[in-house]
1. In Å², what does the accessible area per residue of segment 47-147 work out to with a 1.4 Å probe?
2. What value does segment 72-158 have for Rg/Rh, both radii from Cα atoms and Rh as Kirkwood defines it?
3. As I understand it, the dipole of the chain uses +1 on the Cβ of Lys and Arg and -1 on the Cβ of Asp and Glu, about the Cα centre. Which of His144, Tyr303, Asn9 lies farthest toward its positive end?
4. Per residue, what volume in Å³ does the Cα convex hull of segment 152-210 take up?
5. Can you give the FRET efficiency for Ala10 and Ala69, using 1/(1 + (r/R0)^6), R0 = 30 Å, r = Cβ-Cβ distance, to the nearest 0.05?
6. For segment 179-321, which whole-number percentage of the solvent-accessible area (1.4 Å probe, protein heavy atoms only) is attributable to carbon and sulfur atoms?
7. Given the DSSP H assignment, sum -39500 (n - 2.57) over each helix run of at least 4 residues in the chain and divide by its residue total; what's the result at 222 nm in deg cm²/dmol, nearest 500?
8. Mind checking segment 1-62 for trypsin sites (Lys or Arg not before Pro) that DSSP puts in a loop (not H, G, I, E or B) and that have at most 11 other Cβ atoms within 10 Å?
Amino acid sequence: MKREPRLSNAALMARRAAVIARGVGQAHEIFVERARDCEVWDVEGRRYIDFAGGIGVVNTGHCHPKVVAAVSDQLQRYTHTCFQLLAYEPYVELAERLTRLVPGDFAKKAMFLSTGAEAIENAIKIARVHTRRPGVIAFGGAFHGRTVMAMALTGKVAPYKKGFGPFPAGVFHAQFPNALHGIGVDQALASVEHILKCDAGPDEVAALIIEPVQGEGGFYVAPFEFLRELRALCDRHGIVLIVDEIQSGAGRTGTWLAIEHSGVVPDLVTMAKSMAGGYPISAVLGRAEIMDAPAAGGLGGTYAGSPLACAAALAVLDVFEEEHLLERGRRLGQRLQAGLRTIAERRPQIGEVRGLGPMVAIELLADGRADRPDAELTRRLVAEAARRGLILLTCGIYANVIRILVPLTAPDALVDEGLKILSESLDASAGG
Ligand SMILES: Cc1ncc(COP(=O)(O)O)c(C=O)c1O
């Protein structure tokens, strides 16, 4: 399709406002013309360093040439047959390769879908059929998506759940440990036990679902000891432990899955986002006997595991191997954490620098006080950084966290340039 010459962000915003539903938010008033690796250019020709990576989708960088080549090649062969009607090999190969990357010395199986929320829905369906139980335990601050069950599991009301109820019954929220905001591991574990005592007995709970690092919720890392205790609790009661790696997986924390850091072996894993470098595909992976619980026809979807996205996901796996991206990601994490700590030494507004590998965030507080999250400063910083050519993304239950999801392929010089802009933007927005 021929593009109009000289598009402007402002003109496109006006067109957008007239025809796009208000509920579809937009963090920046920017329209993209092209993107490569960790850089994006807008329709006015302005260039940005991208520290948001399409919300954690391009760990291999925008338009990685190997991913583009694999999709182009697949485009010439066939683009859709529906796997449940006429199957294709890339789907099977992807399942073979991804199940090998999930911890656990037992037989594993996979299924593919299109979005993260769909993976969540299906993981719950599978756990329910396997256990013949209805209940699910999730955590405060969790984000699992925007479909009805995923919304129910999400632990943040505004804007994700407000007015969208009623939600499915049988979903309970425990506390997620958060040292900065005063929730210890013991308290969080007690909140799970409280649910099992007061809301649903263990024999009514099918699954417990947790993000090893909360994404949307604020990049809070689940203490490994907490994850091990949850594993033991699930074992005691025959509850399926589902680990949502939609944001933390695909190398984001320096290992393929974030759960690997803890040594915990989950029963089911959900993936999406960076597993295919920008092509829509998601996965449920895990113990073969659990995955096999639903009868034939109970799982699937017309576009689920599209051949184009399978080709992209296979290329992403190749890129991780060939370019040693996990190792590179670990070095990137150190660089980001060191750079952000240097800024924090100068700027007391940064209350905490935290993360796991290259899944890094800063939390902004007024007067360095955890009970005074500074959402307003966070908003000003993001706007100022964009004016100076750096794309940032917020998160957090208090909207006062900047999360960094820069591609793992980003050259050091561009990472440093981004950190410098962040530092200068914070000076400009925090004043004094
Ligand atoms: C941890 C987690 N789970 C689920 C989802 C939902 O994924 P999707 O937006 O692809 O439906 C997200 C999206 O941000 C996520 O971060």
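1. Result: 44 Å² per residue.
2. Rounded to two decimals, Rg over Rh is 1.05.
3. Asn9
4. Given the Cα convex hull of segment 152-210, per-residue volume reads 98 Å³.
5. 0.25
6. 52
7. So the helix-based figure for the chain works out to -12000 deg cm²/dmol.
8. Within segment 1-62, the qualifying trypsin sites (Lys or Arg not before Pro) (loop, at most 11 other Cβ atoms within 10 Å) are Lys2, Arg3, Arg6, Arg22.
The values are calculated or read from the model by the stated rules, or taken from the named source; none is laboratory data. Computed from a prediction, not measured in an experiment: that's the story for all the values here. Positions of Cβ are generated from backbone atoms using ideal geometry, with glycine treated the same way; all protein chains shown enter the neighbour counts. The accessibility values were calculated without ligands, DNA or RNA, using every heavy atom of the protein model including side chains. Shrake-Rupley method; radii C 1.70, N 1.55, O 1.52, S 1.80 Å.
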